[in-house]
Each structure stands twice: as structure tokens, then as C-alpha cells.
Amino acid sequence: MKILITIMALLLVGCSSMPMLPLKPYKIDVQQGNFVTQDMLAKLKPGMSRSQVRFALGTPLIVDPFRSDRWDYFYMMHKAGELTEQRVVTVIFRGDELLHIEGDVAAGAPTKPAAAPAAGRPVSAPAAVEQK
């Protein structure tokens, strides 16, 4: 009987002295939208048709039915529940021709794979800017 009480006391002491680790739910990485790179934008030239722009950038995430002259490309990356990257590119048309590009990724700028774009300030760049 004394041995049983001693073993139970040791087990209770051992269990109570274990450090309790906080349990957190696992949060997956979530990538949403259209990933538009500098190189993709460098292919755009003023006067390109909508189908040529769609071929270069892909299908836009948002096509506003009330403003048919504007396509919006959004991209967001959440890692472990935290927003790590956000990009917005807007393509403006006049009729069926590309007029200019607005957004976080500027046309003609060199691609930097390790750098994230500025999420706070939109940059407006004409489509005529060519990469050197």
C-alpha cells in the first residue's frame, strides 16, 4: 500500500512540474489573386488589345461591370495568418486599346525576386516605359 501511494505521489509531482506549452492552431499559407511581376508588365505597350493584355497578365481578378475600361489585378500572401505581401495593379483601357497602368508594380522596373513591393503607395506608370 505504501508503495502504491509513493508511486501515485511521484506521478502527480512529475505531471505537475511539466512545463505547459501553449497550444496554437496551425495556420496555412494562403496565396490569393493574380501574381503580376515586373517582367510581365514590361511586355505591355500602349495600344495593345484587351486579348493581348490578358495573354500577358492573365485573366483579371476584378472586371467592374460599371467601368469596362478598367481591369484590377490583386495579389495577397498570408503566411501563418499574417499579411506579408500585397500588390494591386490596375490596367486602364480606352475602347479596346491599353491606355496606361497604375499600381504597386511599375512597368519597366527591373525584377527583384527577394524584394517585396511597397504595399502602401500606389505607383502610376505609363505603359510606354520600356525596360533597358
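Where a number appears in this text, it was derived from the coordinates with a stated rule and is not lab data. Since this is a predicted model, take the numbers as computed values, not measurements. Note that we place each Cβ from the backbone using ideal geometry, even for glycine, and neighbour counts take in every protein chain shown.
Taking a ≥ b ≥ c as the square roots of the eigenvalues of the Cα gyration tensor, an a/c ratio of 1.5 or more together with a/b larger than b/c marks region 54-104 as prolate.
Annotation: for a label point projected 7 angstrom from Cα along Cα→Cβ of T59, residues of region 22-40 with backbone N closer than 18 Å are 32-36.
Near F74, once Lys and Arg are set to +1 and Asp and Glu to -1 for all other residues with Cβ below 15 Å from its Cβ, the sum equals -3.
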